[in-house]
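Each value in this text was obtained by applying a stated rule to the coordinates, not by laboratory testing. Every value quoted in this text rests on a predicted model; they were computed, and no experiment measured them. We place every Cβ from the backbone using ideal geometry, glycine too, and count neighbours over all the protein chains shown.
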């Protein structure tokens, strides 16, 4: 056997390892143990085969050469399709490498390795078709976008999809109905006839889709935070299971300027913006902003907005109500647990109904439209908070110093 043969085999195995490393590191947290495991899956089969498999059979050598040519070419497409569909894709990766190493050991002359080396060079020339943001996620990213204000990704797991924006989960197709129904249905059932709605935020289109269930609505105005992100979600609306409402009018203008400049009044204002963790969003949870909203509602109008999304914030939840009350609203808070998102809380502000009237009405509510999750029993649960300070105290006391 020529001395160059082991060198060629080593080159082949190194290139194959590098290719798998490229794929593996995009989908998994590639630890030192992973590196060792991947390396052993190349080395062990090679040496075992060299020791125990000896053949000069021409057909076997031809079969081995074909496999070595095919493996590098098909492995990338195969793994990309398996990842996101199977929890055992990494096993398939190692099996393929083991086959490659074993067949390489059967080859008896160096010329048999030249075609596989050419094939793996061809495989590396094929564009590595993975989203740049894939490294952030365990499951497969099927689409992504970078905008002036942030970034969005759609992640797939089996037949379901997760929408992320600025590294925060917006919703999942598994339970997106829980979020949209919890936010829209209670306030819509307090009002008799809602005809015009203003959505501030709502870039993912979920709320407009939920509002489309109500035939009384003839106009929905959406003040977008990120127009490019909204267009991106619209492009994948079928995958994300979001319907499109022909009553929607998109306005690309700051909420403050719109509320000051616009003349028409609304029956309902829905605020769906990121939490005030960043300074730029704190203004949308202030008394001044709620006053602007109050002035753009008809005499019997209502507002609904997010207040908190975790137990740790429940200790200060009253400040949201206070800002709304100082702006002139009567307030009612409610919350629920969304499996994919966690704990979320909202507040309704009404110009017509008192807190007691809203609470009494919602505890006896009967859905006006078809819902998947929300009903009277769910609403009663959503209105029950217990001692909200308990959750904050528990979190703070259990947190390490």
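As a calculated quantity, the FRET efficiency between residue 385 and residue 216 at R0 = 30 Å, using C-beta atoms, amounts to about 0.45.
May I ask for the Kirkwood hydrodynamic radius of region 172-398, worked out over all distinct Cα pairs and given in angstroms to one decimal? Provide the component values of the computation, followed by the final result.
Working: mean 1/r = 0.0559 Å⁻¹.
After inverting the mean inverse Cα-Cα distance, the result is 17.9 Å.
Given R₀ = 25 Å, what would the calculated FRET efficiency be for residue 132 paired with residue 275, taking r from the Cβ atoms and rounding to 0.05?
Calculated value: 0.40.
If R0 is taken as 35 Å, the Cβ-Cβ distance between residue 366 and residue 325 corresponds to a FRET efficiency of 0.75. Were the residues from residue 287 through residue 246 laid out at 0.36 nm apart, the gain over their Cα-Cα distance would be 11.5 nm.
Using only alpha-carbon positions in region 206-284, the gyration tensor eigenvalues give semi-axes of 22, 18, 12 Å once each is multiplied by 5 and square-rooted (largest first). A simple packing score, the average count of other Cβ atoms within 10 Å per residue, orders the peptides 267-277, 145-155, 356-366, 197-207 as 197-207, 267-277, 145-155, 356-366, with the highest score first.
Gain on full extension, evaluated as 0.36 nm per residue between residue 21 and residue 262 minus their Cα-Cα distance, stands at 81.2 nm.
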